[in-house]
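A short write-up of the structure that comes next.
The values are calculated or read from the model by the stated rules, or taken from the named source; none is laboratory data. Because the structure is predicted, anything quoted here is derived from the model rather than measured. Neighbour counts run over all protein chains shown; Cβ positions are idealised from the backbone, glycine included.
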Amino acid sequence: MKEICIFINAMDRLGNISHRFQLRLAVKVVILSEEGFYLSLRKRKDSTASSWDLPGGRIEHGEGPIDALIREVKEETGIEIISETVFPIKAWCIESDDVYVVGIDFFCVAEKDKKISLSLEHLSAEWIDKEEVVNDKSAPFWLKESVELAESLKNGYLKSKKKEDQGLNVEKGTSFAIEGIDGVGKTTQALELVNRINEKKNQAFYTKVPQGCDLGEKIMELANHTKGSPQVEMMAFLLSNAIFYKEIVIPRMDRGEIVVFDRWTGSFMNYFSLIFNLCCNSLNELNDNLMGGHSPDKVILLDAPVEVAMERLKKKKNLSKYDKVDKHFMENQRRGFLKLAKANDWEVIDGSKSISTIQNEIVALIKPFL
């Protein structure tokens, strides 16, 4: 995916010069009508950029991406979009003077007959089909790419919507997540769980967060080999989660598959809340918006004394920087996970038990969902 390479190269550069830049977050959206037309905006003629535009703008302090998108679309077009119809499609980044903008393009569905009330920054708006965008030489590449990606989601969304309108069941998959501090046995148990499920002829799929998609894998590699800004690192993982959700989670869940996550949002929230002394709820809101509000049917926390986890990590090859944190940090992580488990009704299993004993307890917990 081209935007992944662009994004990684930009993150690499920004990691070395982040102290010179203001980092901003932005959102844009490709709005589709149920009849299959896209909403095209035209900027005013005095704009230095291409006249083509999509609704969207800057994420304000304290806002989640979806909230910002809803606000911007309302301000620029008068259209009120619904969060349940919004899906992330790609990440992007641009550099201008001393400002560095990282953003996400979304796709959503809105009613075509809604009255459009343009803001002063736009000259006109019209509903057009995909071919008009693709064949127009004045349309920028980034817009054509976003429309193409939205087109790939359109048919699946409209098909599901039609089934719902007819009162038919829309098949959805099941998902489970294994959480815990590093060294507690998440990967071992997640892989074993997939094997156990597949033995029963169910279709189970293992994925690791954030390495489950190309962008997450590359960001992990970059984070391990550079001394970039932690803020940029956090934003990079947020964006990779959006791509991960679109590319990995949605297609498999729509096919009715069982997805087993080796880590979920708890690991992300726990680590960066400790780094920046932030409230987990703030990070959870951001991450939850980008993941489309999806939550596993069951989250299981493997809890074990830090001493046990650190002893196990000694046997691990190729430790990442996240594995090399000190005992004090891991103690704080463990306490953070237990707070998250209590607040979100996660199941807690003693991770110091034998592999087979833990696996049997996990299987017993998820059995009602199979």
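When Arg20 is tested against (1) surrounded by fewer than 18 Cβ atoms within 10 Å (Cβ to Cβ); (2) among the basic types (Lys, Arg); (3) at pLDDT 50 or above, only condition (3) is not met.
The residue of the range 341-355 that is surrounded by the most Cβ atoms within 10 Å (Cβ to Cβ), among those that are among the small types (Gly, Ala, Ser) and in contact with a helix residue (DSSP H, G or I) (Cβ under 9 Å, 6 or more places away or on another chain), is Gly351. Considering Glu76, Glu80, Glu35, the condition of being in contact with a Ser or Thr (Cβ under 9 Å, 6 or more places away or on another chain) and either more than 18 Å from Ala236 (Cα to Cα) or modelled with pLDDT of 80 or more (or both) is satisfied by Glu76 alone.
Could you tell me which residue of the range 255-276 is nearest to Phe329 (Cα to Cα), considering only residues that are among the charged types (D, E, K, R) and under 17 Å from the mean Cα position of the chain (by Cα)?
Arg263
With a requirement of 1 or more residues that are at pLDDT 80 or above, the helices (runs of 4 or more DSSP H) lying completely within the range 268-370 that satisfy it span 306-313, 327-344, 355-366.
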